[in-house]
1. If you scan the stretch 213-232, which residues turn out to be within 15 Å of F98 (Cα to Cα) and either open to solvent by 40 Å² or more (accessible area, probe 1.4 Å) or assigned to a loop (DSSP other than H, G, I, E, B) (or both)?
2. If we scan the stretch 270-279, do we find a residue that is in a helix (DSSP H, G or I), farther than 28 Å from V17 by Cα and open to solvent by 20 Å² or more (accessible area, probe 1.4 Å)?
3. Would you point out which residue out of L172, L185, L209 is under 16 Å from the mean Cα position of the chain (by Cα), of a type outside the set (S, T, N, Q) and crowded, with 23+ Cβ neighbours inside 10 Å?
4. Give me the pairs: first residue in the stretch 96-125 and over 13 Å from F153 (Cα atoms) and open to solvent by less than 30 Å² (accessible area, probe 1.4 Å), second residue β-branched (V, I, T) and part of a helix (DSSP H, G or I), beta-carbon distance under 6 Å, and six or more apart or on different chains, which are they?
5. Give me the pairs: first residue in the stretch 61-78 and loosely packed, with under 13 Cβ neighbours inside 10 Å, second residue assigned to a helix (DSSP H, G or I) and modelled with pLDDT of 95 or more, beta-carbon distance under 6 Å, and six or more apart or on different chains, which are they?
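The values are calculated or read from the model by the stated rules, or taken from the named source; none is laboratory data. Only a predicted model underlies this, so the values are computations on that prediction, with no experimental measurement involved. In this analysis, Cβ positions are derived from the backbone assuming ideal geometry, glycine residues included, and neighbour counts consider all displayed protein chains. The accessibility values were calculated without ligands, DNA or RNA, using every heavy atom of the protein model including side chains. Shrake-Rupley method; radii C 1.70, N 1.55, O 1.52, S 1.80 Å.
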Amino acid sequence: VSSSCGAAMGSVFSFVVVVYGVFIVYKFYEMSHIAAERQLKQPSYPQFIDFGTSLLYACGFTLAHWIVRMVVMPVARSVITRKRKWSERVYQAKLHRFGTAIFKSLWFSSFSVYSYLFLLRDASWFPAALGGSGDTKQCWTDGYPFQDVSDAFRLYYIVATGYHTSEMVFQLLFESDRPDFSEMLIHHMTAVFLLVFSFLMNFVRIGSLVLFIHDVSDLPTYLAKIFVDSPCSKTTFGFYLCMLAAWGYLRLYVFPAYVIKSAMFESVEQLNGEDVVGWYFFNGLMGVLYLLHLYWYFMFLKMGWHFVKKGETRDMQANLTAMDLQKLKGGGKKDQ
């Protein structure tokens, strides 16, 4: 019975992903024509061809991710002791997660520091809530949608799109059997679509805020994942508390109170009621992200409660130990 339900859920998810993907492709086709018209008026307007370089970065990031996982494998084996209840499949997944967490911690720390110090700190649209002195209303001034996009911000978007594309590709190639595959795939797809769409519609200013919020809050998340399967439970719990604080403030408060509010209301106000092309689509995608944030935050709270009750650190978001149960179901065994 359970295997039949699992197969049905898998089919439903596949259908949803296909429909979601087709809708996104259609919207991109529609927006590419709008972007082409704007490029005729302003040659420096963002162009779809700029993302050709993103594919090269995606290949580089995918390779770097795999190399880091392989290089730190001996360290992972020394840090993570295999428990009797773990199958070899689960143990290997946990070793790989250790390498992935190190790679992502390096990425998010370096990219966040760079973006803050050299791009966003003095930007007119970077609010005090994020450490700036600007106002999010400035996302929609200076002749929007024909705001000038500097070469530095253009590169910032290209590199970020390359990274998130690589994460989607890496998951499809190496992590399709993970229990959290469904929600992570939707997350990666939404992130890539938001980046490309916001670039083509010149939502670069508001998009840079979305990127920064997610990059900074992801850092303590992956620092905690480095130690979650190790004996360093106090270190893990310390990063876990940092993660709760970062997610609670940045993703659950600043993201809706500043970014979504600006995209939904300030955009219309600053443009005197004129239609903002892609308004519904852009805000809809950010709504999907926010719902995922709420779901994951709930999972984080369950992890904390599990630690308080049993004194064990466990990543319930990825839930790698469930891989063995998936394998049993895939083999056709029924619940007794």
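1. L219, L223, F227, V228, D229, S230, P231, C232, listed by residue number.
2. The initial filter retains those residues of the stretch 270-279 that are in a helix (DSSP H, G or I), namely 270, 279.
Within this subset, residues satisfying the condition of being farther than 28 Å from V17 by Cα are 270.
Next cut, open to solvent by 20 Å² or more (accessible area, probe 1.4 Å) only: 270.
Yes: the stretch 270-279 contains one or more residues that are in a helix (DSSP H, G or I), farther than 28 Å from V17 by Cα and open to solvent by 20 Å² or more (accessible area, probe 1.4 Å).
3. On the way: L172 fails: crowded, with 23+ Cβ neighbours inside 10 Å; L185 fails: crowded, with 23+ Cβ neighbours inside 10 Å.
So the residue among L172, L185, L209 that is under 16 Å from the mean Cα position of the chain (by Cα), of a type outside the set (S, T, N, Q) and crowded, with 23+ Cβ neighbours inside 10 Å is L209.
4. So the pair list comes out as G99/V68; A101/I226; F103/V68; S112/V216; W125/T136.
5. Close Cβ pairs (under 6 Å, with a partner that is assigned to a helix (DSSP H, G or I) and modelled with pLDDT of 95 or more) do not exist here.
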